[in-house]
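**Q** Have a look at the structure that comes next, please.
The values are calculated or read from the model by the stated rules, or taken from the named source; none is laboratory data. Predicted, not measured: the structure shown is a model, and the values here were computed from it. Cβ placement follows ideal geometry from the backbone for every residue including glycine, while neighbour counts extend to all protein chains displayed. Note: accessible area is taken over every heavy atom of the protein model, side chains too, but ligands, DNA and RNA are not part of it. Shrake-Rupley method; radii C 1.70, N 1.55, O 1.52, S 1.80 Å.
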Amino acid sequence: GVAEGDLPAVKGYYRMIDAPDDSAITVENILLPHRERTMRRMKAQATALCIQDGTDLNFSGLAQCEGLGTIGTNQTGANSLGLHLHSTLAVTTAGIPLGVPLVQCFAPEPKSKEDDRPSSAIPIEEKKTFSWIVGFRDCVALAEKVPDTQLVGVMDREADIFELFDEQRRNSRVDLLVRAKHDRN
């Protein structure tokens, strides 16, 4: 790589990846300069689409790696280890990328065997689908920074949840476009 032969750069790299959990090296802080530039580009638009989507990063081949969660099961029923990545991509109405203002990355924890609550009794904050609401709340925060730009949150069927629409009803500065999953009749 880039730091090859540059001992101070190599030492700096290892200090960064060995940083304790309470260090300033976070996904948010790494993304911050890009987020600022993305907001500047959004300000130049009358309307910006904030497209959210999630994906699972499968690291099952790295069983020795710490901090991974359960992202599913494989064909044999064994847990697949990895991280869930939920991102927001801002684009113009013509589809030109403006940037990635938000990335959420976490290790999903499966519901414990002792937890006998039905899904409907589990608070939304404890569910993976809460990431859609976090993304929407971030769009509301972005809308305050780019007041002359109309923001539209665009999401797929996984975001078709009551709590998201209720959130939007209370924070109507950002519009929603969600592909329907449930028949609302």
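Okay, residues lined up against (1) outside any loop (DSSP other than H, G, I, E, B); (2) exposed (fewer than 12 other Cβ atoms within 10 Å of the Cβ):
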| site | (1), (2) |
| --- | --- |
| L32 | yes, yes |
| R35 | yes, no |
| C50 | yes, no |
| G54 | yes, no |
| E66 | no, yes |
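**Q** What is the one condition in (1) under 15 Å from T88 (Cβ atoms); (2) at pLDDT below 75 that L31 does not satisfy?
**A** It is condition (2) that L31 fails.
**Q** Might you check whether a residue that is within 20 Å of Q150 (Cβ to Cβ), open to solvent by 40 Å² or more (accessible area, probe 1.4 Å) and in contact (Cβ under 8 Å) with a residue 24 or more places away in the chain occurs anywhere in segment 79-86?
**A** No - not one qualifying residue is present in segment 79-86.
**Q** Hey, any hits in segment 108-130 for a residue that's touching a strand residue (DSSP E or B) at 6+ places or on another chain (Cβ under 6 Å) and aliphatic (A, V, I, L, M)?
**A** Within segment 108-130, not a single residue is touching a strand residue (DSSP E or B) at 6+ places or on another chain (Cβ under 6 Å) and aliphatic (A, V, I, L, M).
**Q** How do the strands (runs of 3 or more DSSP E) wholly within segment 88-179 filter down when requiring 2 or more residues that are open to solvent by 40 Å² or more (accessible area, probe 1.4 Å), under 25 Å from G72 (Cβ atoms) and not hydroxyl-bearing (S, T, Y): which remain?
**A** Once the strands (runs of 3 or more DSSP E) in segment 88-179 are filtered for at least 2 residues that are open to solvent by 40 Å² or more (accessible area, probe 1.4 Å), under 25 Å from G72 (Cβ atoms) and not hydroxyl-bearing (S, T, Y), what remains is 97-106.
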